[in-house]
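Asker: Structure below; questions to follow.
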Number of protein chains: 2
Amino acid sequence: MVDRRSGVPAFRQVAADLRNKITTGRLSAGEQLPSERDLVDQYGVSRPTVRDAVNVLRSEGLVTSEHGRGVFVRPPANVQRLARSRLSRSAREENRGAFLADAAAHGFTPSTSVKVSFEAADDRVAGYLAIETGAEVTVRDRVLRADGLVVQLAVSRLRREFTRGTAIEQVDTGPGGTYARLEEAGHRLASFTEHVGARMPTPDEASLLQLAEGVPVVTVTRVAYREDGVPVETNDMVLAADRYQLSYEWAAD
Amino acid sequence: MVDRRSGVPAFRQVAADLRNKITTGRLSAGEQLPSERDLVDQYGVSRPTVRDAVNVLRSEGLVTSEHGRGVFVRPPANVQRLARSRLSRSAREENRGAFLADAAAHGFTPSTSVKVSFEAADDRVAGYLAIETGAEVTVRDRVLRADGLVVQLAVSRLRREFTRGTAIEQVDTGPGGTYARLEEAGHRLASFTEHVGARMPTPDEASLLQLAEGVPVVTVTRVAYREDGVPVETNDMVLAADRYQLSYEWAAD
DNA sequence: GAGTGGTCTAGACCACAAT
DNA sequence: TTGTGGTCTAGACCACTCC
């Protein structure tokens with residue numbers, strides 16, 4: 001039962017009580033919550049109020065509801081670690097990129113769809129690539145799948161002048177991928193920078209990545225630099241935050 | 001007006017239409033949406049339905065509502081970059097840690113609250129510190145503020161045997177902070193690893209960090225290693241995803 | 001005081017899952 | 001067929017902001 005004099009909205013009281021039961025384990029992972037009609041009786045509120053409470057928990061990522069079945073406590077995410085700062089030349093030369101290496105290591109079947117196009121750089125891209133806004137860039141838009149499930153979206157952009165006449169402008173870049181073709185063209189890569197953030201997904205991303213409610217995406221913008229410091233590629237990646245963690249390591253000195 | 005035969009729920013149609021107006025700029029950043037009663041008339045649906053639509057946009061982080069004023073398009077986040085992989089010894093020796101360096105660089109007034117305690121390591125912490133579950137660890141629980149506003153939560157854990165008799169067990173660790181005291185005690189730091197993820201905040205985190213609806217937190221778990229590979233500290237940090245981006249850089253070889 | 005969002009009710013009907 | 005969540009309505013009253 002809710003306390004009507006406390007000033008705290010009824011749906012928040014219900015949400016807090018259910019959240020408490022989840023975090024203390026009185027409702028354990030995978031377990032079904034009482035039905036909405038039961039909660040109506042238990043707390044003495046109307047069904048819309050119960051639904052508001054459950055919505056709070058859904059957008060916190062604590063529960064998922066399944067139409068016709070019930071509302072369930074979300075099991076803790078099964079998080080996979082991606083070692084990022086090991087994107088070294090030797091590792092790159094052995095395969096077509098980090099994704100295929102992961103596939104080999106974790107035993108899933110990788111597949112990708114690629115769209116290649118050309119566009120004018122907007123301010124953000126121009127800033128990363130140190131070119132003028134409006135300059136032509138080659139865009140490789142990739143959807144990465146593991147065992148058929150979409151696990152990552154990646155949009156790579158390069159100065160058009162660096163890709164003309166190379167396989168980078170083809171759907172299949174060949175062994176070693178984009179970076180190998182860049183180095184063959186004389187753009188020896190010297191360093192990488194990654195900018196990591198997070199936000200809620202767009203509806204498109206949510207459906208592509210099959211995200212549950214209350215699951216953010218991790219965004220990674222990688223920039224690859226040549227030895228003379230000229231940026232040659234920027235890659236915007238989007239990953240499901242409940243499936244991936246990114247790991248970086250470096251020396252103390 | 002919504003299409004009642006399309007099969008798409010009315011509140012999703014309204015949400016999609018408003019989202020469209022926002023992303024195409026017909027409703028620009030900071031601009032006020034029509035009032036809920038106006039939207040009721042425009043779309044021919046009831047107010048609860050309009051509210052459901054607005055709720056969708058709120059949990060996507062696209063709009064914020066202000067009681068008594070209206071619903072507004074959220075301006076693009078003002079994202080600050082934190083250079084992570086530059087946590088080198090020389091940088092550390094010049095100040096009390098990365099946070100104070102940022103304060104100096106960006107001109108805000110830093111302040112922190114610290115609680116020191118001791119606890120038994122759970123499985124996760126024991127794994128990071130390579131100790132047995134239940135072993136005693138020193139816990140430094142910090143709230144970091146910039147100009148009085150909470151910007152980061154950080155919980156640092158160290159094997160108790162490494163902190164006994166040092167200022168690490170005091171609220172004020174002195175110049176150079178925890179890492180300086182560790183090195184004085186003979187634990188020369190050799191490398192760092194950071195594991196980066198994201199999730200929706202707990203209600204506590206949301207109120208401490210003053211997060212708007214639909215804003216995730218970025219979680220960073222840093223582990224500091226000694227030259228012999230023994231982990232000496234693990235630090236769990238929580239940051240507002242709409243205010244911070246983490247930057248890592250490394251050489252290609 | 002007028003307009004805004006915030007909360008809440010008591011229903012109704014639909015869509016889906018399991019039996 | 002029964003029970004579940006999903007959608008939707010027509011209202012009511014409250015709390016806050018601004019004039």
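Taken together, the values in this text are just the output of simple stated rules run on the coordinates, not laboratory data. This one's a predicted model, so the numbers in the text were calculated from it and none came from an experiment. Glycine also receives a Cβ, built like all others from the backbone with ideal geometry; neighbour counts cover every protein chain displayed.
Asker: What is the ratio of the Cα radius of gyration of region B:10-73 to 2.2 N^0.38 Å, with N the residue count, to two decimals? Numbers along the way, then the final one.
Answerer: Numbers: Rg = 10.5 Å, N = 64, 2.2 N^0.38 = 10.7 Å.
Against the compact-globule rule of thumb, the ratio is 0.98.
Asker: Figure the gain on full extension for A:GLU161 and A:SER35 (residue separation times 0.36 nm, minus the Cα-Cα span) and round it to one decimal in nm. Don't jump to the answer; show the numbers that get you there.
Answerer: Numbers: separation 126, 0.36 × 126 = 45.36 nm, distance 6.07 nm.
Stretched out fully, the A:GLU161 to A:SER35 stretch lengthens by 39.3 nm.
Asker: Would you mind counting up the charge near A:ARG47? Only other residues with Cβ under 12 Å from its Cβ, with Lys and Arg at +1 and Asp and Glu at -1.
Answerer: Details: positive: A:ARG37, A:ARG51; negative: A:GLU36, A:ASP38, A:ASP41, A:ASP52.
Spelling it out: positives minus negatives among the neighbours equals -2.
Asker: Less than 14 Å Cβ to Cβ from A:ASP3, Lys/Arg counted +1 and Asp/Glu -1: what total charge do the surrounding residues give? All intermediate terms of the calculation are to be shown ahead of the outcome.
Answerer: Details: positive: A:ARG4, A:ARG5, A:ARG12; negative: A:ASP17.
So the environment of A:ASP3 carries a net charge of +2.
Asker: Lysines within cross-link reach of A:LYS21: Cα-Cα under 21 Å, excluding same-chain residues under 8 positions apart?
Answerer: A:LYS21 reaches no qualifying lysines.
Asker: Now for a different question. Between copies, how far apart are the B:ASN20 label points? List them in nm, one decimal, shortest first, with each point 7 Å from Cα toward Cβ, please?
Answerer: 4.5
Asker: Based solely on its DSSP helices, what 222 nm [θ] is calculated for chain B when runs of n ≥ 4 H residues each add -39,500 (n - 2.57) and the sum is averaged over all residues, nearest 500 deg cm²/dmol?
Answerer: On the way: 9 runs with 75 residues, N = 253.
For chain B, the value works out to -8000 deg cm²/dmol.
Asker: Then there's this: Between A:GLY25, A:GLY197, A:GLY214, where does the largest GNM mean-square fluctuation fall for chain A, given springs only between Cα atoms within less than 10 Å?
Answerer: Result for chain A, Cα springs under 10 Å: A:GLY25 fluctuates most.
Asker: Contact order normalised by length for chain A, with contacts defined as Cα pairs under 8 Å and 6 or more residues apart; what percent is it? The partial results should precede the final answer.
Answerer: Values: 423 pairs, mean separation 45.6, N = 253.
Relative contact order comes out at 18 percent.
Asker: Compute the Rg to Rh ratio over chain A from the alpha carbon atoms, using the Kirkwood formula for Rh, and round to two decimal places.
Answerer: On the way: Rg = 23.4 Å, Rh = 21.1 Å.
Here Rg/Rh amounts to 1.11.
Asker: Using the Cα atoms of the protein assembly as shown to build a convex hull, what is its mean projected area in square nanometres? All intermediate terms of the calculation are to be shown ahead of the outcome.
Answerer: Numbers: hull surface 108.2 nm².
About 27.0 nm², averaged over all directions.
Asker: Where both partners of a DSSP beta bridge lie in the protein assembly as shown, what percent of those bridges are antiparallel, to the nearest 5? The partial results should precede the final answer.
Answerer: Values: 116 of 124 bridges.
Taking every DSSP beta bridge within the protein assembly as shown, about 95 percent pair in antiparallel fashion.
Asker: Of the candidates A:LEU209, A:LEU182, A:LEU39, which one comes out as most mobile in a Gaussian network treatment of chain A with C-alpha springs shorter than 10 Å?
Answerer: A:LEU39
Asker: Hey, another quick one. Rounded to the nearest 10 degrees, what's the angle between the helix B:10-23 long axis and the longest principal axis of chain B, both from Cα atoms, 0 to 90?
Answerer: Result, in degrees: 70.
Asker: While we're on this one: Determine the relative contact order of region A:10-73: mean sequence separation of Cα pairs under 8 Å and six or more apart, normalised by residue count, in whole percent.
Answerer: Relative contact order comes out at 42 percent.
Asker: Something else now. Under a point spin-label approximation (7 Å from Cα along Cα-to-Cβ), what is the B:ALA120-A:VAL8 distance to one decimal in nm?
Answerer: About 3.0 nm, to one decimal.
Asker: Can you report the principal axis dimensions of region B:158-253 using only the alpha carbons, biggest first, rounded to whole angstrom?
Answerer: 46, 41, 21
Asker: What does DSSP give for chain A in terms of the percent of beta bridges that are antiparallel, rounded to the nearest 5? Intermediate values should be presented prior to the final figure.
Answerer: Values: 52 of 56 bridges.
Once the DSSP bridges in chain A are tallied, antiparallel ones form about 95 percent.
Asker: A further question on this structure: For B:LYS115, which aspartates and glutamates qualify as cross-link partners when the Cα separation must be under 14 Å and same-chain residues fewer than eight apart are set aside?
Answerer: B:ASP141, B:GLU169, B:ASP172
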